[in-house]
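What follows is a set of notes on a single structure, which appears directly below.
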Amino acid sequence: MSANDFEERVVTVPLRDARAAPSNQRADKAMSLVREHLAKHFKVEESEVRLDTDINEAVWDQGRNNPPSKLRVRAARFVEDGEPTVEAEIAD
């Protein structure tokens, strides 16, 4: 794997658009927003974004109706089996 095949960044994902969803679907929408944001900024398909379970727990921590307004995520883009893939976890 060459240096061009690996890229890692810390990204702040805004989740305030989840407030536009009905209150009983806000955490679901927030998870979709995380996946969409990472796919857009790392130029991959949404299906190629893998989220760590800690991201899920952070979004759902305050319940389904009240996800956080933003989330800091450490994401890495690399090539696996000829396909670009992004893996993300909570940034410390």
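Derivation of every value follows stated rules applied to the coordinates shown; laboratory data play no part. Since the structure is predicted, the reported quantities are computational estimates derived from the model, not experimental observations. When we count neighbours, we look across all protein chains shown, and the Cβ atoms used for this are built from the backbone with ideal geometry, even at glycine.
Could you give the length gained on full extension between residue 91 and residue 9, defined as 0.36 nm per residue of separation minus the Cα-Cα distance, in nm?
28.5 nm
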(message) Just to verify a number: FRET efficiency for residue 50 and residue 23, C-beta to C-beta distance, R0 = 25 Å, to 0.05?
(response) 0.30
(request) Considering Cα pairs under 8 angstrom that are at least six residues apart, work out the relative contact order of the chain and quote it in whole percent. (result) 39
(request) Can you tell me the dipole magnitude for the chain around its Cα centre, using point charges on the Cβ only (Lys, Arg +1; Asp, Glu -1), in Debye to the nearest 20? (result) 720
(request) Of the options 88, 25, 38, report the single residue whose Cα projects farthest towards the positive end of the charge dipole of the chain (beta-carbon charges: Lys, Arg +1; Asp, Glu -1). (result) 25
(message) Modelling each spin label as a point 7 Å along the Cα-to-Cβ direction, I'd like the residue 70/residue 41 distance in nm, to one decimal.
(response) 1.0
(request) Using only alpha carbons, build the gyration tensor for the chain and give me the equivalent ellipsoid semi-axes, biggest first, whole Å. (result) 26, 12, 10
